[in-house]
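Handing you a structure now.
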Amino acid sequence: MKPKISIITPCYNQGRFLEENIVSVINQGYPDTEHIVINDGSTDNTKEILEQYKGNLAYSTTQPNSGQSDALNKAFDKATGEIIGWLNSDDYYAPGALNAVSEAFSDPEVNVVCGYSILFDDEGLHEKASPTITENRGLEFHLRFPDINQPPTFFRRKTMAEITPLNTALRYTMDREMWIKYLQLYGINHTKTINDILVYFRYHSTSNSQTKVDKFDDDYATILHWLALKNKLTEVANLLASRYKLVPSYTYSFNKYPDTETTLNMIRFFFLKRGGLVYNKSEFEYAKKGYKVFDIKNYKPLLEEKNAVQRMESIVSCINWLHFRVKRKISTVND
């Protein structure tokens, strides 16, 4: 007997995409599915779409706009399936996705199933995105960069209950915080990656992923700042606070958190990934200070970080902002 699967969809002013989302769940033909949609105060045609498909939805409601995390938490409370998937309203499932997920969960030791997604935009560009867990990246990588390809990642409900509710202070990286919690409990154990494409993930002009890169960084820096303070890395925390707009109401509400070295490595990875993008004097000064405060000189980078380390070393070798600008201009001309 196949397990019941709950699909959670938060929706805010994405009515033009919501029908495709709902139909993709219906067309799975999976024998035991409940689709729960929380309309988070939309002012477009979302209500009309929900009314049109109310017979295909296990539960839907409209609430005042309280943010995606709050909408998701309310949906999680309603979910009764053994397996839970979270599908944003502008994305949709590939044919056969739920059957593939169900088969992967037939192993009782599996807590999380990760598949692939296709990123696409309105111009027809497609790109295959890696799953949350891949064979060529071990626990060390995932602890340094606890990113989650959320749409094609499914959880057992009992596992989801251990790492939720989502933090309502976060608007953009609540799923990453949730994944940090999972990694603290289980590492990458009890996960299974399948080769199937499960989700089509839409990039468009109003999607969070497309338009809010800086806010994603602010959210994640907020998490890292809290962890730094928890591990008494005061100078590290202060430098993050000087660079990013931290969420003032945030706390990491979990009884397990990364230790000092893991926290430092998370911050170092983030610093090398984002801090090397220098376009003004303040970003240059942050790179110079960060290299010292985060102790990059004694950091042991992973293979995929080597280029970022070299880029950062090139930046900090500059005497001042003017020197960096001249050096970059010469490099651009030579290229």
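Scan region 169-189 and report the pairs whose first residue is under 15 Å from Trp226 (Cβ atoms) and whose second residue is hydroxyl-bearing (Ser, Thr, Tyr) and surrounded by fewer than 21 Cβ atoms within 10 Å (Cβ to Cβ), with Cβ atoms within less than 6 Å and a gap of 6+ or a chain change.
These pairs meet every condition: Ala169/Ser249; Ala169/Tyr250.
Given the options Leu246, Leu277, Leu264, name the one that is under 22 Å from the mean Cα position of the chain (by Cα) and surrounded by 21 or more Cβ atoms within 10 Å (Cβ to Cβ).
Leu264 is the lone residue from the list that is under 22 Å from the mean Cα position of the chain (by Cα) and surrounded by 21 or more Cβ atoms within 10 Å (Cβ to Cβ).
Would you mind telling me which numbered condition in (1) in contact with an Asp or Glu (Cβ under 7 Å, 6 or more places away or on another chain); (2) part of a loop (DSSP other than H, G, I, E, B) Phe201 fails?
So Phe201 meets the others, but not (2).
Within region 74-82, identify whether any single residue is under 17 Å from Phe17 (Cβ atoms) and in the same structural domain as Arg16 (by TED's automatic domain parsing), and answer yes or no.
No - not one qualifying residue is present in region 74-82.
Consider Ser6 carefully, then state whether it is within 20 Å of Arg171 (Cα to Cα) and either without any contact (Cβ under 8 Å) to a residue 40 or more places away in the chain or not in a helix (DSSP H, G or I) (or both).
Against the criterion (within 20 Å of Arg171 (Cα to Cα) and either without any contact (Cβ under 8 Å) to a residue 40 or more places away in the chain or not in a helix (DSSP H, G or I) (or both)), Ser6 does not qualify.
Residue-wise test of (1) at positive phi; (2) over 25 Å from the mean Cα position of the chain (by Cα).
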{"residue": "Lys2", "(1), (2)": "no, yes"}
{"residue": "Ile5", "(1), (2)": "no, no"}
{"residue": "Pro10", "(1), (2)": "no, no"}
{"residue": "Asn13", "(1), (2)": "yes, no"}
{"residue": "Arg16", "(1), (2)": "no, no"}
{"residue": "Glu19", "(1), (2)": "no, no"}
{"residue": "Val25", "(1), (2)": "no, no"}
{"residue": "Pro31", "(1), (2)": "no, yes"}
{"residue": "Ile36", "(1), (2)": "no, no"}
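In region 11-56, which residues are hydroxyl-bearing (Ser, Thr, Tyr) and touching a Pro at 6+ places or on another chain (Cβ under 9 Å)?
Listed by number, the list holds a single entry, Ser24.
Of all residues in region 131-168 being of a type outside the set (A, V, I, L, M, F, W, C), in contact (Cβ under 8 Å) with a residue 60 or more places away in the chain and in a helix (DSSP H, G or I), which is surrounded by the most Cβ atoms within 10 Å (Cβ to Cβ)?
Arg144
I need the full set of residues from region 98-130 which are loosely packed, with under 14 Cβ neighbours inside 10 Å, in a strand (DSSP E or B) and modelled with pLDDT of 95 or more, in order please.
Within region 98-130, no residue meets the criteria.
Next question, about the same structure. Considering only region 76-97, state which residues are touching a Phe, Trp or Tyr at 6+ places or on another chain (Cβ under 8 Å) and part of a helix (DSSP H, G or I).
Lys78
Check region 40-58 and report whether any residue there is assigned to a strand (DSSP E or B) and either without any contact (Cβ under 8 Å) to a residue 24 or more places away in the chain or buried (at least 17 other Cβ atoms within 10 Å of the Cβ) (or both). Outline the logic, then answer.
Taking region 40-58 first, the residues assigned to a strand (DSSP E or B) are none.
The answer is no; no qualifying residue exists.
Could you grab me the full set of residues in region 59-75 that are part of a strand (DSSP E or B) and either of a type in the set (Gly, Ala, Ser) or over 26 Å from the mean Cα position of the chain (by Cα) (or both)?
Ser60
Quick check, is Tyr291 aromatic (Phe, Trp, Tyr) and modelled with pLDDT of 95 or more? Before you say what the answer is, go through the steps one by one.
Working: aromatic (Phe, Trp, Tyr): yes; modelled with pLDDT of 95 or more: yes.
Yes.
The values are calculated or read from the model by the stated rules, or taken from the named source; none is laboratory data. Note that the structure is predicted; figures quoted are calculated from it, not measured. Note that each Cβ is placed from the backbone with ideal geometry, even for glycine, and that neighbours are counted across all protein chains shown.
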